[in-house]
Structures are given as structure tokens and as C-alpha cells.
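Trainee: Questions regarding the structure given below will be posed in turn.
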Amino acid sequence: MTFPSTNTAHPLVGFIGAGNMARSLAGGLLKNGWGKDQIILSDPEPVQRQAIETVLGIKAFADNSEVAARADLLVLAVKPQILANVSKPLAATLQKKKPLVISIAEGVRIEDIDRWLGGGLAIVRAMPNTAALIGSGASGLYANDRVDDGMRNQAESILRAVGVTVWLEDEYLMDVVTALSGSGPAYFFLVMEALEQAAIESGLDPKQARLLTLETAFGAAKMALEGHEEPAQLRRRVTSPGGTTEQAVKILEEGGLRGLFKNAMQAAGDRARAIADMFGKGA
């Protein structure tokens with residue numbers, strides 16, 4: 001397979017790890033004008049490498065160090081529990097080249113990543129969510145003080161290939177992002193699951209219940225995204241006094257829905273901090 005030269009305006013991006021998120025980011029970059037010769041990946045599995053080269057047309061290596069040595073911008077796209085073991089062997093290579101490093105490993109703090117990589121590197125920590133797999137993700141980003149404006153733009157261009165991005169001024173807010181947009185899709189899936197089940201138990205055919213649930217969720221999200229009103233105002237607009245929606249919302253409010261979401265986000269944030277301590281301090 002050949003990898004023809006294309007646009008040279010972009011830096012060479014290397015992904016350490018070629019799982020679903022890395023492949024989604026790589027695919028998003030290709031759709032946004034990056035050349036196939038401007039993206040490389042590494043993966044220990046021959047079948048994975050062959051699939052990447054066949055499907056995306058991107059060169060995949062078995063050796064992480066080879067990708068690290070070539071890349072101008074390196075994305076660490078591995079599980080948090082193995083990030084330390086994957087990062088440490090790359091330290092000598094990265095200390096010579098000093099590329100921008102982006103980590104999408106959940107929960108692992110920049111200070112730990114920097115220590116594993118030998119110190120003194122420009123690092124951006126990113127938290128994309130599962131919707132990035134379909135190009136509709138939401139990512140929080142935090143940069144250390146070695147990341148300049150140009151590097152910020154580069155990092156943002158990578159994550160914006162699969163959705164929207166927001167920059168955070170304090171790293172502790174990454175735990176809030178993890179609890180909101182990182183874990184958030186599951187909250188909405190649970191709400192849809194509950195609505196669908198309630199509709200079935202009330203007599204609707206399962207297929208009808210599924211379709212109406214999904215389209216209602218989609219329509220509500222589209223109204224919130226495309227309109228200029230806050231969600232609270234949108235809710236008030238469809239909640240007529242004495243009507244059916246008012247009665248339903250009253251039950252949800254009296255049942256403590258807001259408190260449940262607050263507690264759920266707190267639990268997710270606490271777990272994110274525990275993961276950071278588990279995989280960072282002792283490694």
C-alpha cells in the first residue's frame with residue numbers, strides 16, 4: 001500500500017494506541033483535510049494495523065517509539081491503567097524532539113504524564129466523549145503552561161475534528177467535564193431507556209416506543225442547540241398550566257430528579273479523582 005503525499009500545512013500527528021477513539025479522531029482529521037501521510041498510528045496487534053491501513057489508508061506501526069520519533073504532535077490514546085507503562089519507554093525519544101503531547105486517557109493528570117515522559121513537555125489533556133465516535137463529541141481541554149497559542153490551536157484542531165471543544169482554566173475542572181460530558185451520554189441513554197420502558201408498559205408497541213423516544217430526544221436536543229433560549233425557558237414553553245406536561249414535570253421534580261443528577265455527577269467526579277490517584281501517584 002502507498003501513502004501519497006498531500007497537504008503539508010498540517011503537522012504529522014502520531015497516535016499511540018489505535019482503539020475506537022484514536023480511529024475516530026484519525027478519521028475526523030481525514031474528513032477535515034488532513035492527508036493520509038500526515039497521520040500515523042501504532043498498535044501491537046497485526047490484525048488491527050492491517051485494518052487501519054486498509055480502512056483508513058493510514059500507516060500503522062508495531063513500535064510506539066517509531067511513531068513517537070516521527071510525530072510532530074503525539075496523541076496518547078491508551079487506557080489510563082496502562083498509560084504509565086506505555087509512556088515511560090517514550091521519554092528519551094520525546095525529550096529529544098519535544099513535540100506537543102495530547103492525552104485522552106481518562107483521569108490521568110498532566111503532572112504525572114509529564115513525569116513519565118521525562119519532564120518539561122508541552123502537554124494538553126483532553127476528555128472526549130463517546131459521541132466523538134460519530135463526529136458529535138464534546139471535549140474539555142486543559143493545557144500546561146508550556147503550551148503556547150499555536151499549540152492550543154493545533155490541539156483544538158485535533159479534537160474539533162470529532163465535535164465541539166471547550167478550554168478549561170483549571171485542571172480540576174476536567175473531573176467536572178468527565179462527570180458531565182464524559183459520562184453524560186449514559187445519563188441520557190438511561191432516561192431514554194426509562195421512557196421507552198414506561199411507554200411499553202402503558203401499551204405502546206416496542207418499536208413505536210423506541211422510535212418516539214429517540215425522535216423526541218433528538219428533537220429536544222436540536223431545539224436546544226439551534227435555538228437561542230435556555231433549556232429552562234424551552235421547558236416552560238411546553239409546560240402549559242394545568243396540562244399534561246405540567247403534571248409529569250411535577251412528579252419528576254417532587255421525586256428529586258435535580259438532586260439525583262447532582263449526586264450522580266458528584267459520584268462520577270469523585271471516581272475520576274480516585275482514578276487519577278490510583279494510576280498517577282504510585283506509577
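The values are calculated or read from the model by the stated rules, or taken from the named source; none is laboratory data. Remember, predicted model here, so these are calculated numbers, not experimental data. For neighbour counting, all protein chains shown are included, and Cβ atoms are generated from backbone atoms with ideal geometry for every residue, glycine included.
Trainee: Scan Leu225, Leu214, Leu260 and give me the residue that is without any contact (Cβ under 8 Å) to a residue 12 or more places away in the chain, part of a helix (DSSP H, G or I) and more than 21 Å from the chain's Cα centre (by Cα).
Mentor: That would be Leu260, the only listed residue that is without any contact (Cβ under 8 Å) to a residue 12 or more places away in the chain, part of a helix (DSSP H, G or I) and more than 21 Å from the chain's Cα centre (by Cα).
Trainee: Then there's this: Please indicate, with yes or no, whether at least one residue in region 194-210 is surrounded by 11 or more Cβ atoms within 10 Å (Cβ to Cβ) and under 26 Å from the mean Cα position of the chain (by Cα).
Mentor: Yes, that holds for at least one residue.
Trainee: Do you know which of the residues in region 60-81 that are modelled with pLDDT of 95 or more and either farther than 26 Å from Leu121 by Cα or not hydrophobic (A, V, I, L, M, F, W, C) (or both) is surrounded by the fewest Cβ atoms within 10 Å (Cβ to Cβ)?
Mentor: Only one residue tops the list, namely Asp63.
Trainee: If you don't mind, there's one more thing I want to ask. Please work out which one of (1) touching a helix residue (DSSP H, G or I) at 6+ places or on another chain (Cβ under 9 Å); (2) surrounded by fewer than 21 Cβ atoms within 10 Å (Cβ to Cβ); (3) farther than 25 Å from Tyr172 by Cα is the condition Gln95 fails and give its number.
Mentor: Result: Gln95 passes all but (1).
Trainee: What are the residues in region 162-188 that are under 28 Å from Gln95 (Cα atoms) and either in contact with a Leu (Cβ under 8 Å, 6 or more places away or on another chain) or not hydroxyl-bearing (Ser, Thr, Tyr) (or both), if any?
Mentor: Listed by number, the residues that qualify are Trp167, Leu168, Glu169, Asp170, Glu171, Met174.
Trainee: Please determine whether any residue of region 134-152 is assigned to a helix (DSSP H, G or I), touching a residue at least 40 places away in the same chain (Cβ under 8 Å) and touching a Gly at 6+ places or on another chain (Cβ under 7 Å).
Mentor: No, because not a single residue in region 134-152 is assigned to a helix (DSSP H, G or I), touching a residue at least 40 places away in the same chain (Cβ under 8 Å) and touching a Gly at 6+ places or on another chain (Cβ under 7 Å).
Trainee: Here's something else I'd like to know. Looking only at region 29-54, how many residues end up being more than 20 Å from Arg70 (Cβ to Cβ), within 22 Å of the chain's Cα centre (by Cα) and not polar (S, T, N, Q)?
Mentor: Residues flagged as more than 20 Å from Arg70 (Cβ to Cβ), within 22 Å of the chain's Cα centre (by Cα) and not polar (S, T, N, Q) within region 29-54 amount to 2.
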